[in-house]
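Asks: First, the structure itself, so that you have it in front of you.
The values are calculated or read from the model by the stated rules, or taken from the named source; none is laboratory data. On a predicted model such as this, the values are computed, not experimentally measured, just so you know. Neighbour counts are summed over all protein chains in view; Cβ atoms, including those assigned to glycine, are modelled from backbone coordinates with ideal geometry.
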Amino acid sequence: MEAYLQAMTQANKFCGAVLVAQEDQVLFSGGYGIADREHDAPNTPQTKFRLGSITKQFTSVAILMLEEQGKLSVQDPISRYLPYSPEHWKDITVHHLLNHTSGLGNLADIPGIQETKARLPLSVREIIETFREIPLEFRTGTAYRYSNSGYIVLGDIIERVSGLSYEEFLQAHIFGPLEMADSGYDHHQTILKNRATGYRKQNGELVRADYLDMSFPFSAGALYSTVEDLYRWGQALDAGRLISSEAYTRMTTLTPLLTTHGYGLLMGSLHHRRTIGHAGGVNGFRANFVRFPDEHACVIVLCNSEEAEFVTVTKALAAILFGEDYELPEAKSPVTVADALLTSYAGVYEIVPGVTLEVEKHDGHLRVTYGQAKGVFVAQSDTQFSREDDSITFHVSGEAVSHLTLSQAQTYAPQSRVEATARKVEE
């Protein structure tokens, strides 16, 4: 596992922490890449990452805990707890919110919301008001639609029924009792030791992820944790320390004919073995927590880069654990191109009249500009440079550069490629 993860890290395909366990024993854990690039702080198994939608299983357990306390039933209409419920929510029960069959759309898909309200501190009611009057996408209980909106409503129900804030309830009833000291509700202003910074790529360069006020994802995606704390969480669910085995069975039962989602968890298979798990994604972070109930095993992968291949890593670690086949990424050695050669590539290249690319040197690489779009292409050889799925190859005639070939991944079909030739028209 170490060799695989080192290779993925060196290939710039992974940055984060992992943990693999079986039969109540941690078989492997480690951190890879950088948690905070401004301070060169490395990722470790103690690094705290935002979880995104892995939060939903905590919200689901909180609801089931309240049910076992006799404070609600998942079959209750949500209007019983939410006086602001509009008429078109009248048939929605707590159960429908838990398994994404309510008909509510997805808050994150509302046009423009990521650039506006997602950056602002909002109350739960203010968040719900952004979608309360939107018509249902289908008749409640007749179809499936993954819905962050539904899980935000569940968070409001938890607060109204328990008399505690969502954060207080999880701390008092889950994180505290399970000694998950490295988990909680993330707040931007809190000084949090070992917190990872989230990153993304912009024009081929790594930058901080877009700001997200954590009041916005709320009970659908605002928690942080470590691989070690998530392992404790999984063990507690298996041992029935939080909810009864009957409640956990309901939580992990698919919804017949509609979805393999249960309550905050997704039932599936990997390497021909039954799985229970969920992935998560929020600005700058990717996460996956997959459990193999029949083998009493789990794989946890937390990343602080939007480009990290967290699903590929999950599959490979499970393959190694179970002795299945997996692919080791090809190691690429850094290529240094002579400054004079980079200078010779700089200039303006014309694909067709009016469509030109400008190429310039940039910190030992090449920056390519088309209009407002820019990208840094890194040397793979003396003549070939690449950026993610795109590449540029320079062609020399005599002693001068004559043209370049731009190869781009086809939109919506990355496995297919489209090439364009551009002749050099200006130094």
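Asks: So residue 43 fits all but one of (1) under 29 Å from residue 308 (Cα atoms); (2) surrounded by fewer than 23 Cβ atoms within 10 Å (Cβ to Cβ); what number is the exception?
Replies: (2)
Asks: Among the residues in the stretch 344-365, are any of a type in the set (A, V, I, L, M, F, W, C), assigned to a strand (DSSP E or B), more than 14 Å from residue 425 (Cβ to Cβ) and outside the structural domain of residue 205 (by TED's automatic domain parsing)? Give the steps one after another, and end with the answer.
Replies: The initial filter retains those residues of the stretch 344-365 that are of a type in the set (A, V, I, L, M, F, W, C), namely 346, 348, 351-352, 355, 357, 359.
Checking which are assigned to a strand (DSSP E or B) leaves us with 348, 351-352, 355, 357, 359.
Filter once more, so that each one left must be more than 14 Å from residue 425 (Cβ to Cβ): none.
Among the residues of the stretch 344-365, not one is of a type in the set (A, V, I, L, M, F, W, C), assigned to a strand (DSSP E or B), more than 14 Å from residue 425 (Cβ to Cβ) and outside the structural domain of residue 205 (by TED's automatic domain parsing), which makes the answer no.
Asks: I would also like to ask the following. Would you pick out the residues in the stretch 123-158 that are touching a Pro at 6+ places or on another chain (Cβ under 8 Å) and either among the small types (Gly, Ala, Ser) or not in a helix (DSSP H, G or I) (or both)?
Replies: Within the stretch 123-158, 132, 133 meet the criteria.
Asks: Return only the number of the condition from (1) closer than 18 Å to residue 222 by Cβ; (2) within 25 Å of the chain's Cα centre (by Cα); (3) surrounded by fewer than 15 Cβ atoms within 10 Å (Cβ to Cβ) that residue 125 does not satisfy.
Replies: Unmet for residue 125, out of (1) closer than 18 Å to residue 222 by Cβ; (2) within 25 Å of the chain's Cα centre (by Cα); (3) surrounded by fewer than 15 Cβ atoms within 10 Å (Cβ to Cβ): (2).
Asks: Would you mind telling me which numbered condition in (1) hydrophobic (A, V, I, L, M, F, W, C); (2) in contact with a strand residue (DSSP E or B) (Cβ under 7 Å, 6 or more places away or on another chain); (3) surrounded by fewer than 20 Cβ atoms within 10 Å (Cβ to Cβ); (4) farther than 24 Å from residue 146 by Cβ residue 270 fails?
Replies: (4)
Asks: Go through the residues of the stretch 310-319 one by one and say whether even a single one is under 28 Å from residue 360 (Cα atoms) and either modelled with pLDDT of 95 or more or not in a loop (DSSP other than H, G, I, E, B) (or both). Spell out how you get there, then give the answer.
Replies: Within the stretch 310-319, the subset under 28 Å from residue 360 (Cα atoms) is none.
No, the stretch 310-319 contains no residue that is under 28 Å from residue 360 (Cα atoms) and either modelled with pLDDT of 95 or more or not in a loop (DSSP other than H, G, I, E, B) (or both).
Asks: Would you check if there is a residue in the stretch 148-163 being touching a strand residue (DSSP E or B) at 6+ places or on another chain (Cβ under 9 Å), among the aromatic types (Phe, Trp, Tyr) and modelled with pLDDT of 95 or more? Working first, answer last.
Replies: Filtering the stretch 148-163 for residues touching a strand residue (DSSP E or B) at 6+ places or on another chain (Cβ under 9 Å) gives none.
No, the stretch 148-163 has no match at all.
Asks: Here's a follow-up. Scan the stretch 65-122 residue by residue and report those that are part of a loop (DSSP other than H, G, I, E, B), in contact with a strand residue (DSSP E or B) (Cβ under 9 Å, 6 or more places away or on another chain) and of a type in the set (S, T, N, Q). Let's see the steps before the verdict.
Replies: Looking only at the stretch 65-122, we keep the residues that are part of a loop (DSSP other than H, G, I, E, B), and these are 69-76, 81-86, 90-92, 99-106, 110-116, 120-122.
Filter once more, so that each one left must be in contact with a strand residue (DSSP E or B) (Cβ under 9 Å, 6 or more places away or on another chain): 73-76, 85, 90-92, 99-102.
Within the stretch 65-122, 73, 75, 85, 99, 101, 102 qualify.
Asks: Follow-up question, since we're still on this one. Answer yes or no: is there a residue in the stretch 2-13 that is without any contact (Cβ under 8 Å) to a residue 24 or more places away in the chain, more than 24 Å from residue 174 (Cβ to Cβ) and not in a loop (DSSP other than H, G, I, E, B).
Replies: no
Asks: Right, another one. So, in the stretch 29-59, how many residues would count as being assigned to a helix (DSSP H, G or I) and either aromatic (Phe, Trp, Tyr) or free of Cβ contacts under 8 Å to residues at least 24 places away in the same chain (or both)?
Replies: So the answer is 1.
Asks: With respect to the numbered conditions (1) outside any strand (DSSP E or B); (2) within 22 Å of residue 177 (Cα to Cα), which one is the sole condition not fulfilled by residue 224?
Replies: Against the list (1) outside any strand (DSSP E or B); (2) within 22 Å of residue 177 (Cα to Cα), residue 224 comes up short only on (1).
Asks: Mind telling me which of the residues 47, 101, 93, 142 ends up being under 23 Å from the mean Cα position of the chain (by Cα) and farther than 26 Å from residue 229 by Cβ?
Replies: The unique qualifying residue is 101.
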